[in-house]
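Reviewing the structure listed below.
Read-outs: derived from the displayed coordinates by stated rules, not from any lab. What you see is a predicted model, and the numbers here were worked out from it, not measured in a lab. Methodologically, a virtual Cβ is constructed for each residue, glycine included, from the backbone with ideal geometry; neighbour enumeration extends over all protein chains shown.
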Amino acid sequence: MDVKTEPARARRRPYREDSEFHKAHEHDSASAVLRSVIDDAREEVISIGEIIEAFGERAFGFVLILFSLPNCVPNVPGIAGIVGTPVLIFGVQMMLGHKRPWLPGFIMRQTVSVSRFKRLIDIAEPRLQKLERLCRPRLTPLFGPFGDRVVGLFAVLVALSVLIPFPGTNFPPSIALVIASIAVMEEDGYLLIAGYLIGIAGLAYTATVLGASYHLVMAAIANIPSWLGF
């Protein structure tokens, strides 16, 4: 996924009117809307701001899925930091009770190659569709303002795990966040619990890696005097 920053003077209007797009797709599944974003793109790149505007009222669920997907499929080195930061920001906003996602202008102006984004969707779409076919409203009391704040906290923890530069700390939590985000959009409590359980396992692995790394570093520091002959 090529990400570039679009100069302020080159800001464009959304590739399609915001209200027109999300009214046409407000009842579509996540996989269908993600596909439509690509199919309706009019240029070779699409800005992050355009993508968020297109998702409308359901933007939080979509952007969490969108920015978690690159860590769920084979990707280029360095992408974790690019997509992890927006997830962290969105998670904090959900914890604070925001209804629509917001990003600083310099992030909103970053553009993504449509061709690479399309390849990402091509890989992820069949898996998302299988998951969506399993969804139906269950355990609906888990959803609502408080439930959204819990998802926000979960997103923050996932983002922190993704931003840690250790092997294996991004894949399980990102998968879990995609599952949890789809569960929120479909109000499927069973799927939400499954996402949380997978995420907890992934976060436990991250904590274990961090703990082991800390002890190795401290042991190395303690041995410095002996290495220097003191």
Sparsely packed chymotrypsin sites (Phe, Trp or Tyr not before Pro) within the stretch 90-178, loop by DSSP, other Cβ within 10 Å at most 13
102
Taking the Cα-to-Cβ direction at residue 119 and at residue 200 and moving 7 Å from each Cα, how far apart do the two end points lie in nm?
3.8
How much FRET efficiency would the formula 1/(1 + (r/R0)^6) give for residue 224 and residue 163, where r is the Cβ-Cβ distance and R0 is 35 Å, rounded to 0.05?
0.75
Pairs of Cα atoms farther than 21 Å apart, the stretch 89-230, %:
58
Once residue 213 and residue 106 are pulled to full extension, the length gained, defined as 0.36 nm per residue separation minus their Cα-Cα distance, is 35.1 nm
Extension gain (nm, one decimal) between residue 98 and residue 136, 0.36 nm per residue minus Cα-Cα:
11.1 nm
What residues qualify as long-range amide H neighbours of residue 188, i.e. H under 5 Å apart, gap of 5 or more or another chain, H built at 1.01 Å from N?
138
